[in-house]
Amino acid sequence: MRSFTSAATLDDALAALGTGARPVAGGTDLVVGARQGKAPLPDAIVAIDRIESLTHLDDSGGGLRLGALVTHEAIVASEVVRARFTALADASAIVGSHATRANGTIGGNVMNASPAMDTGGPLLCLGATATLRSAAGERSLSLDDLWSGPGATTAAPDELFVSIDVPAPADGTGSAYVRLEYRRQMEIAVVGATAAVTLAGGAISDARVAITALAPTIRRVAEAEEALVGGDGGDADVAAAARAAAEGAVPISDVRASADYRTAMAEVVARRAIAAAITRAGGGDVPIPASDALYGA
Amino acid sequence: MKTDATLTVNGTDYPIEIDPHLSLLKAVRDEIGLTGSKEGCDDSECGACMMLLDGRPVNSCSYLAMQAVGKQVTTVEGLAGDEEVGALQGEFLQQGGVQCGFCTPGMLVSATALLRRNPTPTEDEVRLALAGNLCRCTGYGGIVKAVMETAAGHVAELPSPPVHEARATPHHAG
């Protein structure tokens with residue numbers, strides 16, 4: 001029998017999950033997925049979109065804490081995110097359309113666990129930690145430990161994603177997320193890449209590179225990061241890192257692109273993301289979203 | 001099993017009985033009978049179903065009607081208020097922004113959401129805001145111009161409604 005309840009509090013939501021209900025926030029993935037035949041809508045639905053305690057974007061501690069219900073619209077509007085967690089702003093700025101960004105939440109985006117979703121690479125490169133809660137308690141885990149495959153997570157059915165924490169980036173850090181797209185809105189990444197680099201005394205002291213829509217889960221590529229650390233971020237290092245990122249790809253062929261095309265484009269998109277992150281780390285300007293700004297670069 | 005729910009659409013409360021899986025679009029079209037919003041792709045790709053939810057745009061085909069309870073839903077029928085044709089709608093007519101008309105309700109709602117948040121958009125901002133709305137007639141030029149002209153404060157001078165008596169005395173080419 002179908003049922004629908006709207007949770008007023010987090011405890012209400014957790015109790016409903018404990019009896020087998022599934023959560024809906026903005027509905028932008030859940031309802032569309034059901035229509036496409038990916039997974040039918042669950043019989044018992046608990047709407048969590050009115051739980052006020054999950055709506056906060058908190059940047060007071062230097063780091064960033066996003067409640068599960070923070071929308072992409074709110075992320076892009078945050079001056080702190082734009083200035084210090086820039087790759088995340090690049091990503092949220094291009095999720096879906098203005099309607100998707102007004103309703104779609106960071107919690108839904110992370111827990112949908114699509115290997116092509118936009119905010120995943122930035123969150124991974126910026127070292128984010130997700131917090132899940134059930135009636136029995138709370139646990140925090142890295143995104144590598146959360147995502148277990150395309151559309152799959154290690155969260156138990158009675159656990160709700162409540163927030164994600166992103167630590168304060170080191171001084172001299174710049175980041176960027178770039179995707180290849182066929183359409184400017186209502187698009188997901190054909191391939192995508194994220195880079196976060198820290199410059200200290202003219203050299204790269206830390207580098208993180210992640211690839212999107214190029215493997216069963218969004219993942220960092222250690223070889224690409226190693227190609228950058230210790231160097232000056234010049235063109236040769238950027239090219240070598242981009243090649244390494246592409247070599248880390250194990251893409252599929254689907255309706256959106258062939259595996260060969262994805263592999264070829266991985267290097268291009270990774271190069272743009274790495275170069276943009278280095279530019280930003282050095283204080284240079286790359287407009288948000290970087291994808292638009294770097295078209296054809 | 002159906003559930004009692006009250007949806008508030010264009011300022012009016014509509015008590016209806018709906019299946020918990022029903023989309024907002026289907027509730028508004030089939031249960032309430034406001035058919036201005038269109039179902040195109042039913043997949044959030046085309047934007048023909050665009051409504052405002054507490055003032056922000058939503059693809060109503062991909063939003064559960066039950067989640068809209070207690071929120072203000074605005075459809076194309078509610079955009080002009082008491083006017084027969086609002087300023088934006090007038091510009092769509094003036095600029096030829098309407099061809100087959102199927103995308104028009106969604107275009108008008110998306111453009112309204114943009115103009116409320118950004119009353120003086122650039123052309124690129126208009127194109128980006130409307131990029132989630134597809135026009136299969138490809139009449140984007142007139143649509144974008146209509147939004148730009150509305151933003152510039154232009155008020156369309158619309159022709160008088162067609163005189164239907166004319167049909168009785170058709171012209172005959174000599």
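The values are calculated or read from the model by the stated rules, or taken from the named source; none is laboratory data. Fair warning: this is a prediction, and the values are worked out from it, not measured in the lab. Positions of Cβ are generated from backbone atoms using ideal geometry, with glycine treated the same way; all protein chains shown enter the neighbour counts.
Residues considered: A:L30, A:L41. Of these, the only one that is within 11 Å of chain B (Cβ to nearest Cβ), modelled with pLDDT under 95 and over 21 Å from B:G132 (Cα atoms) is A:L41.
Within this structure, A:E73 passes the test of being under 25 Å from A:V286 (Cα atoms), over 13 Å from the mean Cα position of the chain (by Cα) and surrounded by fewer than 24 Cβ atoms within 10 Å (Cβ to Cβ). Scan the range B:1-23 residue by residue and report those that are at the interface with chain A (Cβ under 9 Å from one of its Cβ atoms) and under 23 Å from the mean Cα position of the chain (by Cα). Scanning the range B:1-23 gives a single hit, B:S23. Restricted to the range A:156-170, and to residues there that are of a type outside the set (D, E) and surrounded by fewer than 20 Cβ atoms within 10 Å (Cβ to Cβ), the residue that is nearest to the chain's Cα centre (by Cα) is A:P167.
Among the residues examined, A:L17 does not qualify as under 24 Å from the mean Cα position of the chain (by Cα), more than 9 Å from chain B (Cβ to nearest Cβ), surrounded by 22 or more Cβ atoms within 10 Å (Cβ to Cβ) and not β-branched (V, I, T). Restricting the range B:79-96 to residues that are farther than 18 Å from B:G141 by Cβ and without any contact (Cβ under 8 Å) to a residue 40 or more places away in the chain leaves a set whose member that is surrounded by the fewest Cβ atoms within 10 Å (Cβ to Cβ) is B:D82. Residues that are within 30 Å of A:G201 (Cβ to Cβ) and among the aliphatic types (A, V, I, L, M) do occur in the range A:113-124, at least one of them.
The residues in the range A:34-56 that are touching a residue at least 24 places away in the same chain (Cβ under 8 Å) and not acidic (D, E) can be counted, and the count is 10.
The listed residues are A:V238, A:V255, A:V229, and the only one of them that is touching a residue at least 40 places away in the same chain (Cβ under 8 Å) and on the phi < 0 side of the Ramachandran plot turns out to be A:V238. Of all residues in the range B:126-153, which are surrounded by fewer than 16 Cβ atoms within 10 Å (Cβ to Cβ) and over 16 Å from B:C41 (Cα atoms)? B:T138, B:G141, B:A152, B:G153, listed by residue number. In the range A:143-155, how many are closer than 15 Å to A:G107 by Cα, of a type in the set (G, A, S) and surrounded by 13 or more Cβ atoms within 10 Å (Cβ to Cβ)? Qualifying residue count, the range A:143-155: 2. If the condition is being of a type outside the set (A, V, I, L, M, F, W, C) and assigned to a loop (DSSP other than H, G, I, E, B), then the range A:209-228 contributes A:P216, A:T217. Are any of the residues in the range A:37-45 part of a helix (DSSP H, G or I) and farther than 24 Å from A:A136 by Cβ? Taking every residue of the range A:37-45 in turn, none turns out to be part of a helix (DSSP H, G or I) and farther than 24 Å from A:A136 by Cβ.
Conditions (1) touching a helix residue (DSSP H, G or I) at 6+ places or on another chain (Cβ under 7 Å); (2) among the hydrophobic types (A, V, I, L, M, F, W, C); (3) free of Cβ contacts under 8 Å to residues at least 60 places away in the same chain; (4) within 21 Å of B:D13 (Cβ to Cβ), marked per residue:
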{"site": "B:D43", "(1), (2), (3), (4)": "yes, no, yes, no"}
{"site": "B:C46", "(1), (2), (3), (4)": "no, yes, no, no"}
{"site": "B:M50", "(1), (2), (3), (4)": "yes, yes, no, no"}
{"site": "B:C61", "(1), (2), (3), (4)": "yes, yes, yes, no"}
{"site": "B:A68", "(1), (2), (3), (4)": "yes, yes, no, yes"}
{"site": "B:E77", "(1), (2), (3), (4)": "no, no, no, yes"}
{"site": "B:T122", "(1), (2), (3), (4)": "no, no, yes, no"}
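Across the range A:10-34, the number of residues qualifying as out of contact with any helix residue (DSSP H, G or I) (no Cβ under 7 Å at 6 or more places or on another chain) and either of a type in the set (D, E, K, R) or assigned to a helix (DSSP H, G or I) (or both) comes to 12. Kindly indicate whether B:K38 is crowded, with 18+ Cβ neighbours inside 10 Å, over 19 Å from A:N103 (Cα atoms) and more than 8 Å from every other protein chain (Cβ to nearest Cβ). In short, yes.
Can you confirm whether A:D206 is touching a residue at least 12 places away in the same chain (Cβ under 8 Å), part of a loop (DSSP other than H, G, I, E, B) and either under 18 Å from A:A170 (Cα atoms) or of a type in the set (K, R) (or both)? The answer is no for A:D206.
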